[in-house]
Amino acid sequence: MNQLNKINHLIEEIENQIDSDKNKEIANKWEAPEVNNTFFHCKPKRGSQMPIVADLEYPMWAKLLNFNLKDYYYNPITYLEVQLETYLCRYNYFKDDSGLGRVILIWFGAAFEASILGCRVQYPDNFDPSVARDYIPVTDEESLKRLEDKEIDFNKDGELERAIEFYYKIKEVLPSNWQVIFPDWIIGPFGIAIYLRGYQNILLDLIDNPEFVVKIMNFAKNKLFEFSKKRAKFLGIKLEKVCLHNDDINYPNLLRGSYKNLILPVENEISDFYGGIVYWHSCGVVNELIDEILDLRNISMLDCSGWNDFNIFVEAIKRKNIKNTGIEKRFHPVRDILATSEEEIRKKIKNYYSILKENKDIRAYMRVDGISSIGDFEQDLNSVRRFVEISREYSYIN
C-alpha cells in the first residue's frame, strides 16, 4: 500500500469513528475550544472523572510506527500519515480521552520561532529538531538592533517556507471538510531570549544587565505580534488567544523577583494584546513561582508538570481567588509512569481526586507525556496503557 492509499485508509477509519458513541462520550468531557485556528489545550468539564490524555515523545512514536524523524519533518506526506496514525493509536491502543476530529496540526518543534529570527536549526535522523547552540545571533545591543530593523519575511524566513509547503500539500491531500492548522508562535519571550542570546549569557545578564534581557524579551514580544498579524492575513482569520511555552522558566535558575519584575510584565502585555493566554506551560520547576505566574492575566489552562506539586497549584489558585483557570496535571515520565508500581499510581491519583473534591470550582485533567523508552520498549508502552487504565478506577464519586 503506497502512502496516499494508506492515508486515505486512515482518514476513512477516523471518519467511521467520529460520530461513534465512544467519540461523542470523549468529546462531552471537554469544553468547546476557545480558539479555532491555533494550538490549544482544551479546558475539561467537571464531570464524574478527570479526562486523561496520553502521548509519547516523537522518537518513541517513530519506533512504534516505524518512521524516520527527519523524513517526518521534511516530507509533508509522511507528516500527515504519522499524525493520522498517532490519533488512532491514542484512541484505540492507549484508549485515552484525546478523541478524534477532522484537524491536522502542523508543529515543527521548539526551534520554529527561533528559526524565524535567525537561529540555526538542526534536524537529527532520530530526534526532534533543535536550535544549534554554537551560533548566538544576539551578542550585544548593536546585533539586537539589526534584528529589530529586519521585518519578518513570511514566505522565506526560517522554517516558514517549509511550513507553507506543508500547509498547502496537506490541504491538497485531505478532504475539504478537514482543517489544517498552520504552525503558530508558542515559545514565550524568555525562551526566545535564551535562543537568541544563549542560556549562560542570559543567566549572567539577569545579574549584570537585566535591562538588556528585558530589551530582548520586548523584541521577541514585538516579533510575536508581527508574526501573528502576518499569519492571520495569510490564513484570512482574526487574531486569537495564544499559548506561552516557557520550559526555561525554572526555579532556582530563575528567582521569584526575576520572573515578577522582568518577565511577567512582558507576558502580561502579550495576554492583553491577544485577550488572554489559552495555555501557559513550563516543564521546569515552578512551585516557588506559582503566585507570580498566577498574576498573569486571563490564563485559560495552566500546566502543572511532573516536577511540580498539584496541591501547591490548587492552593495558590484558591488563595488568589483565581476563576476559570483549569489545570493540566502532567507526570514525571520515569518516576510516575515507567518505573513505579500500581500501588503508587493509585495512591497518587486518589490524592488528586481528594484535593479536587475539596475544591469543586477547579477543573483539571491528567496528561501522560514526555515518554521515551528507558529499557524494554513493549514494557514501557504497557506502562502508559497501565496508567490510563488505573486512572479509570477513580472518580469524584468514589
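Would you confirm whether any residue within region 17-27 is assigned to a loop (DSSP other than H, G, I, E, B), out of contact with any strand residue (DSSP E or B) (no Cβ under 9 Å at 6 or more places or on another chain) and exposed (fewer than 15 other Cβ atoms within 10 Å of the Cβ)?
Yes, region 17-27 has at least one match.
Determine which member of the set D295, D303 is under 24 Å from P189 (Cα atoms), surrounded by 17 or more Cβ atoms within 10 Å (Cβ to Cβ) and either at pLDDT below 95 or charged (D, E, K, R) (or both).
Exactly one of D295, D303 is under 24 Å from P189 (Cα atoms), surrounded by 17 or more Cβ atoms within 10 Å (Cβ to Cβ) and either at pLDDT below 95 or charged (D, E, K, R) (or both), namely D303.
When the residues of region 350-364 are filtered to those that are in a loop (DSSP other than H, G, I, E, B) and surrounded by 13 or more Cβ atoms within 10 Å (Cβ to Cβ), which remaining residue is nearest to the chain's Cα centre (by Cα)?
R363
I need the full set of residues from region 70-86 which are within 29 Å of S391 (Cβ to Cβ) and either modelled with pLDDT under 95 or in contact with a strand residue (DSSP E or B) (Cβ under 9 Å, 6 or more places away or on another chain) (or both), in order please.
The answer is Q83, L84.
Across region 43-72, which residue is nearest to N28 (Cα to Cα) among those that are buried (at least 17 other Cβ atoms within 10 Å of the Cβ) and free of Cβ contacts under 8 Å to residues at least 60 places away in the same chain?
W61
Conditions tested, residue by residue: (1) more than 30 Å from N23 (Cβ to Cβ); (2) among the hydroxyl-bearing types (S, T, Y); (3) in contact with a helix residue (DSSP H, G or I) (Cβ under 9 Å, 6 or more places away or on another chain).
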{"residue": "L105", "(1), (2), (3)": "no, no, yes"}
{"residue": "S115", "(1), (2), (3)": "yes, yes, yes"}
{"residue": "G118", "(1), (2), (3)": "yes, no, yes"}
{"residue": "F127", "(1), (2), (3)": "yes, no, yes"}
{"residue": "S130", "(1), (2), (3)": "yes, yes, no"}
{"residue": "I136", "(1), (2), (3)": "yes, no, yes"}
{"residue": "E142", "(1), (2), (3)": "yes, no, no"}
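Going by the structure shown, is K329 out of contact with any Ser or Thr (no Cβ under 8 Å at 6 or more places or on another chain) and either within 23 Å of K45 (Cβ to Cβ) or among the small types (G, A, S) (or both)?
For K329, the condition - out of contact with any Ser or Thr (no Cβ under 8 Å at 6 or more places or on another chain) and either within 23 Å of K45 (Cβ to Cβ) or among the small types (G, A, S) (or both) - is met.
Could you please give the count of residues in region 282-337 that are acidic (D, E) and more than 19 Å from L254 (Cβ to Cβ)?
3
Checking the conditions here, which among V314, V285, V278, V266 is in contact with a Pro (Cβ under 6 Å, 6 or more places away or on another chain) and either surrounded by 14 or more Cβ atoms within 10 Å (Cβ to Cβ) or part of a strand (DSSP E or B) (or both)?
V266
Report the residue count in region 365-397 for those that are of a type outside the set (S, T, N, Q), in a helix (DSSP H, G or I) and in contact (Cβ under 8 Å) with a residue 60 or more places away in the chain.
Counting residues in region 365-397 that are of a type outside the set (S, T, N, Q), in a helix (DSSP H, G or I) and in contact (Cβ under 8 Å) with a residue 60 or more places away in the chain gives 8.
Scan region 248-259 and give yes if some residue there is surrounded by 16 or more Cβ atoms within 10 Å (Cβ to Cβ), within 18 Å of the chain's Cα centre (by Cα) and assigned to a strand (DSSP E or B), otherwise no.
Looking through region 248-259, none of the residues is surrounded by 16 or more Cβ atoms within 10 Å (Cβ to Cβ), within 18 Å of the chain's Cα centre (by Cα) and assigned to a strand (DSSP E or B).
So, in region 101-125, of the ones that are of a type in the set (A, V, I, L, M) and within 18 Å of F39 (Cβ to Cβ), which residue ends up modelled with the lowest pLDDT? Please lay out each step first, then the result.
Taking region 101-125 and keeping what is of a type in the set (A, V, I, L, M), we get 103-106, 110-111, 114, 116-117, 121.
Among the residues that remain, those that are also within 18 Å of F39 (Cβ to Cβ) are: 103-106, 110-111, 114, 116.
On the way: V103: 97, I104: 98, L105: 97, I106: 98, A110: 92, A111: 95, A114: 97, I116: 98.
Only one residue tops the list, namely A110.
Residues checked against (1) within 22 Å of E292 (Cβ to Cβ); (2) modelled with pLDDT of 95 or more; (3) among the small types (G, A, S):
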| position | (1), (2), (3) |
| --- | --- |
| F212 | yes, yes, no |
| N222 | no, yes, no |
| K229 | no, yes, no |
| C243 | yes, yes, no |
| N246 | yes, no, no |
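Tally up the residues in region 188-201 that are among the hydrophobic types (A, V, I, L, M, F, W, C) and either under 17 Å from R256 (Cβ atoms) or in contact (Cβ under 8 Å) with a residue 60 or more places away in the chain (or both), please.
Residues meeting the conditions: 3.
The values are calculated or read from the model by the stated rules, or taken from the named source; none is laboratory data. Predicted model only: the values in this text are computed from it and were never measured. Every residue, glycine as well, gets a Cβ built from its backbone with ideal geometry; the counts of neighbours run over all protein chains shown.
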